[in-house]
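The values are calculated or read from the model by the stated rules, or taken from the named source; none is laboratory data. Because the structure is predicted, anything quoted here is derived from the model rather than measured. Please note: Cβ atoms are built from the backbone with ideal geometry, for glycine as well, and neighbour counts cover all protein chains shown.
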Amino acid sequence: MGFYVAQFLTGLASASALFLVACGLSIIFGVTRIVNFAHGSFYMLGAYLCYSLITVLPAGIPGYWGAVVLAALVVGLLGALIEIGLLRRLYASAELFQLLATFGIVLVIQDLTLSLWGAEDRVGPRAPGLEGVVRIFGEPVPQYDLALILLGPLVLAGVWWLLNRTRWGTLVLAATEDREMAAALGINQTRLFTSVFFLGSLLAGLGGAVQIPRETVSLLMDMNIIAEAFVVVVIGGMGSIGGAFVAAVIIAELNAFGVLVFPQISMVLAFVVMAVVLVLRPHGLFGRIEVPADSALSRIPVWGRGRLAGRWLLTALAVVLLALPVVAGDYVLVLATEILIAALFASSLYFILGPGGMVSFGHAAYFGLGAYGAALLVSHLGVGMVWALPAAPLAALLGAALFGWFCVRLSGVYLAMLTLAAAQILWSSAVQWQALTGGDDGLLGIWPEGWLAGKTGYYYFTLLLSTSALLVMWRAIQAPFGLVLRGGRDNPMRCGAIGIDLRHHQWLAFMVSGAFAALAGGLFVFSKGSVFPDELTIGRSVDALVMVLLGGIQSSAGPLTGALVLNLLEDFLSRFEYWRAMLGAIIILVVVVAPGGLSGAALRLYSRYRRSAVAENPDGSA
């Protein structure tokens, strides 16, 4: 009995720290509508700053807790500065490009932290006055855990008071309900958004600061916490502070007891619960059903079918790709093969994101299914590549049919998080099913045979398959099927009113998208000769999303441009020590200068050129 009580209290202590992060994330999203990927970075900075301040301030209770409060305030100010200097410029942009900017911030903060504190993990000191334990039913419970259990409800009460008993809270709630009406009433939303970002970042920093006696301070803290924070916010309901607290308790207790009761799925139990909640309650436990607004993607212009300049450019590109093995060495061929695979992967995500407006945070699920589907046949059955590669899209087609059937019933962030849950479930299976997948050791020796074993042969093979797949997707987007997806993205109610079964079309789009992502995964595994669970992680999904958004979602050329630019940048910048910060800075610069992505900037320049040409020659004469 005592053991289970102690385990329950440990779960409550973890819930408090998790709630602090999720509460700040929920407040920021509720008011600004920004899905802040950098929130985990604020949590990490809070831990590092608190660790350093403890060594500077006088020892004892005042110095320790002063360091905690000061670290949280500094992180809050940093969040406010980022909102003022960067995010304020992007509120008029589509939400996805705001998300891309926060991803750039993650890369910058990651390398900034590395340069200031180094790569070594730090072990924080115990809190003065709370070093001991309390015996409950004979089991020792740390005093610090009991203090954290009290901290969570206190912060919840404080945030509730701010939102419900102060003028500032009234303005925040008004902006959350209807930003346009709040602006019409004269509310200064600029200052309001800055104050909200300050509070949300402060709570994230506080969450990291109070965690240092319980967790090693490391550079992995940002990615480890952000996924769980998103899970908590989505389960509780986006924008619901009380829901975030309840969900934090649920997830923390599942983590505490999951190792004992469900050890096989303990790594992904939170995502399983989130998936179940979203299927049963699509807006979370305490979320409100919102009237769907016009998709931000519908306000972005889409390129026409064919422009003369575009056709000449494609022709020139085809000539270059075909002639590349003649003039390039092995290194360039390997890099070009990787870019082709990345372009196919990014385009498969664009297939549902651009025309369909369906955001996926877990597109790596199908990339990984394709990689493992082909690799398993080679490693366990000895099948050659020619017969194993078709298994890649087939495996993902089945997986996408299953996951997509549930995903298309959701929209917005909830849809994105359900796709993330699917990817995390598959990742956990790849890690823990060691007898089949090799676990963290992966599957090795997955190479093509015959003439395809050479770099030149495999390059041409990849070029043929990826180009064919891209043409099929482009044709589907231009066909009535793609027009239905675009109509559902722009106005789903009108599509339903004229008798279109939109969910059926979206479900088919999910399956097509998953199959082509899997083809990219199959080509990837034979190019590398191995596959590991990393191909199913959040990072792989984010790579695809960054490529699409960096290139732009104005046309099918966007993901191709993004894949080319991102891979060339990573290849070049990886030679430098702090290449992530440089890459993040470039991404932020692109988002600020070209908020529609690189293809969007090209479209604006081309349109401006055409308008000036018509103005100079209105009769069309030379």
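State whether one or more residues within segment 236-251 are assigned to a helix (DSSP H, G or I), within 16 Å of the chain's Cα centre (by Cα) and not polar (S, T, N, Q).
Checking segment 236-251: not a single residue is assigned to a helix (DSSP H, G or I), within 16 Å of the chain's Cα centre (by Cα) and not polar (S, T, N, Q).
So, of the residues in segment 155-180 that are surrounded by fewer than 13 Cβ atoms within 10 Å (Cβ to Cβ) and within 31 Å of the chain's Cα centre (by Cα), which turns out to be farthest from LEU18 (Cα to Cα)? Full working, then the answer.
We begin by selecting, within segment 155-180, every residue surrounded by fewer than 13 Cβ atoms within 10 Å (Cβ to Cβ); these are 157-158, 161, 164-167, 177-178, 180.
If we keep only those that are within 31 Å of the chain's Cα centre (by Cα) too, we end up with 157-158, 177-178, 180.
Values: ALA157: 16, GLY158: 16, GLU177: 26, ASP178: 29, GLU180: 32 Å.
Looking at the filtered set, the residue picked out is GLU180.
Within segment 108-118, how many residues are of a type outside the set (S, T, N, Q) and under 24 Å from the mean Cα position of the chain (by Cα)? Please lay out each step first, then the result.
Within segment 108-118, the first condition is being of a type outside the set (S, T, N, Q), and the residues that meet it are 108-109, 111-112, 114, 116-118.
Still in the running and under 24 Å from the mean Cα position of the chain (by Cα): 108-109, 111-112, 114.
Residues flagged as of a type outside the set (S, T, N, Q) and under 24 Å from the mean Cα position of the chain (by Cα) within segment 108-118 amount to 5.
Name the single residue, out of those in segment 92-112 being out of contact with any helix residue (DSSP H, G or I) (no Cβ under 7 Å at 6 or more places or on another chain) and of a type in the set (A, V, I, L, M), that is surrounded by the most Cβ atoms within 10 Å (Cβ to Cβ).
This residue is LEU99.
Which is in the same structural domain as GLY138 (by TED's automatic domain parsing), in contact with a Gly (Cβ under 7 Å, 6 or more places away or on another chain) and under 19 Å from MET221 (Cβ atoms), of SER16, SER26?
Checking each option against the conditions leaves just SER16.
From the list TRP427, TRP387, pick out the single residue that is touching a Pro at 6+ places or on another chain (Cβ under 9 Å), over 20 Å from VAL548 (Cα atoms) and not small (Gly, Ala, Ser). Steps first, answer last, please.
Values: TRP387 fails: touching a Pro at 6+ places or on another chain (Cβ under 9 Å).
Matching residue, one of TRP427, TRP387: TRP427.
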